[in-house]
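Report on the following structure.
Just so it is clear, none of the values below were taken in a lab; they were calculated from the coordinates. Not measured: the values here are computed from a predicted model. Cβ atoms come from the backbone with ideal geometry, glycine included; neighbour counts cover every protein chain shown.
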Amino acid sequence: MVLLWREKFVQLMAQDRPRVVIVGAGFGGLTLARALRRDPVEVVLIDRQNYHTFQPLLYQVATAGLEPEEIAHAVRGIFQGRRNFRFVMGTVVGVDWDAQAVLLEDGDRIDFDYLVLAAGATTNYFGIEGAAEYSFSLKTLEDAIALRSHIIRQFEEADRHPERIREGLLNIVVVGGGPTGIEMAGALVEWFELVFRKDYPHLPMNRARVLLVEALDTVLATYDERLQQYARRQLRRRGVELHLGDPVARVTPDAVYLQSGERIPTRTVIWAAGVRACPLADRLGLPQTRGGRIEVEADLRVPGHPNVFVIGDLAASRDENGRLHPQMAPVAIQGARHVARQIRRLLQGQETEPFHYRHRGTMATIGRHAAVAELKGGLRLTGPLAWFAWLALHLVQLIGFRNRLQVLINWAWNYFTYDRSARLIFHIQPVPADYLPAYAPPQQTTTEA
């Protein structure tokens, strides 16, 4: 009886509270929902999945270093006991600006007093022929599992039919020389050399090639020149073939063609060349900039919509010099905390403040004992020290003690045994990260959250 009365009391209180609807349970959406835990608002978080994915470690799932559940955490589990919070599993397909309501795929509508768009980004193929159809992206857990299974299948096929190796079965082409690309390339060569060499003793493992293709003449182009040189040297030393300054012209089911005319036979192309705003941004009728990002004012509000904020990869936020902020997790996290403060100010009748992103550094790992780090104050690290710093940072940022413990155990196992556990093939067809259903017919009823 007491619990029932308490639930009714909470529902009555929620009706009098402003409703903050957050679209997307990524780094920005989760951070904002957490930041509003003590505020007099009702928080509704919407995501098409019922879990948060720690995207920086997706490549380790794809290369059998970690299990999928170790880098994911159920959203409801994160917010257990929160009285001003509700999670809705659904796909947002639009916004009714006149009615101030979010539209879901099944036709439901959720009213809002404040709306925060944090739906993230998807893969950018830059209009290259065949790239979307014949390459693997790495944005979701399904993507990582599908890629892992596909790579293992190629080795199983080559073990049965060695004569097909010349067709490119064991050639893995990674497109993009940013952090994701070099981390994936480095992990692949370690996987092949340390694990597959033992798993497939009859295969000529020297014919398994990892090729990194980058349109620019270097990798990690936004990093210091010394760190770029270190990364190139380490990748080559570990067996990665670098194709720099030679962009991809087209992708087919059995090859990658470079602008120089070179043809690389392969059945596996991993696209890590860039991102663009998720397709929802194109449906909202809001001003956009390059890559589909939504234009925002200095305080991260949408021009003409004083109760709508955009954060993370979706926002075209800029620094003091007018340059777009990078599409990275730290920008989303800091933006979320900023929006939480601005909502409090608006509730108190105060003016909003501009968003200032404080860059604290970037890191990228190449493999065992090899990483680069560019930290605040100009400090630059390479080698084992940078590698251990990268491991510690990502371990701390994982959500949930159990996830951290499982990842730590797996990393220790991999480190000391030179082995990896997750070498299972699953037949899975991932839903494209840029998939967005058509509009459902408008409904007259409103979902009470």
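The Stokes-Einstein estimate for the chain, based on a Kirkwood radius over Cα pairs and taken at 20 °C with 1.002 mPa s viscosity, is a diffusion coefficient of 92 µm²/s. Using just its DSSP H runs of length 4 or more, each adding -39500 (n - 2.57), the chain gives a mean residue ellipticity at 222 nm of -9500 deg cm²/dmol after division by all residues.
For segment 235-241, the Karplus equation 6.51 cos²θ - 1.76 cosθ + 1.60, evaluated at θ = phi - 60°, returns couplings of 4, 5, 4, 8, x, 7, 8 Hz by residue, with Gly and Pro reported as x. Take every DSSP beta bridge whose two residues both sit in segment 141-273; close to 35 percent of them are antiparallel. Taking every DSSP beta bridge that has both ends in the chain, the antiparallel portion is near 50%. Counting only C-alpha contacts under 8 Å and six or more residues apart, can you give the relative contact order of segment 271-418 as a whole percent? It rounds to 12 percent for segment 271-418. Between L300 and F355, the built amide H atoms are under 5 Å apart, and every one of these is 5 or more places off in sequence or on another chain. Counting neighbouring Cβ atoms within 10 Å and putting the fewest first, the residues E353, E167 line up as E353, E167.
Restricting the calculation to Cα atoms, segment 298-376 yields a radius of gyration followed by a Dmax of 15.4, 53 Å.
Simple point charges give the picture: +1 on the Cβ of Lys and Arg, -1 on the Cβ of Asp and Glu, and for segment 57-199 a dipole about the Cα centre of about 380 debye. Does segment 205-319 come out rounded, prolate or oblate by the C-alpha gyration tensor, with a ≥ b ≥ c the root eigenvalues, rounded set by a/c under 1.5 and, if not, prolate when a/b is larger than b/c and oblate if not? It is prolate, given that a/c is not under 1.5 and a/b is the larger ratio. Comparing P287, L117, P68 along the charge dipole axis of the chain, the residue lying farthest to the positive side is P68, per the Cβ-charge model.
Between the listed residues V248, S260, H202, the Cα displaced farthest toward the positive end of the dipole of segment 175-270, a dipole computed from Cβ unit charges relative to the Cα centre, is found at H202.
Among 117-123, 158-164, sorting by the average number of other beta carbon atoms lying within 10 angstrom of each residue, highest first, gives 117-123, 158-164. Within the listed set L346, L45, L395, the residue fluctuating most in the Gaussian network model of the chain (springs between alpha-carbon atoms under 10 angstrom) is L346. For the chain, modelled as a GNM whose springs connect Cα atoms under 10 angstrom apart, the maximal fluctuation among P179, P279, P253 occurs at P253. Pair-distance distribution of segment 141-273: all C-alpha pairs, bin width 10 Å, starting at 0; shares per bin in whole percent are 12, 44, 34, 9, 1.
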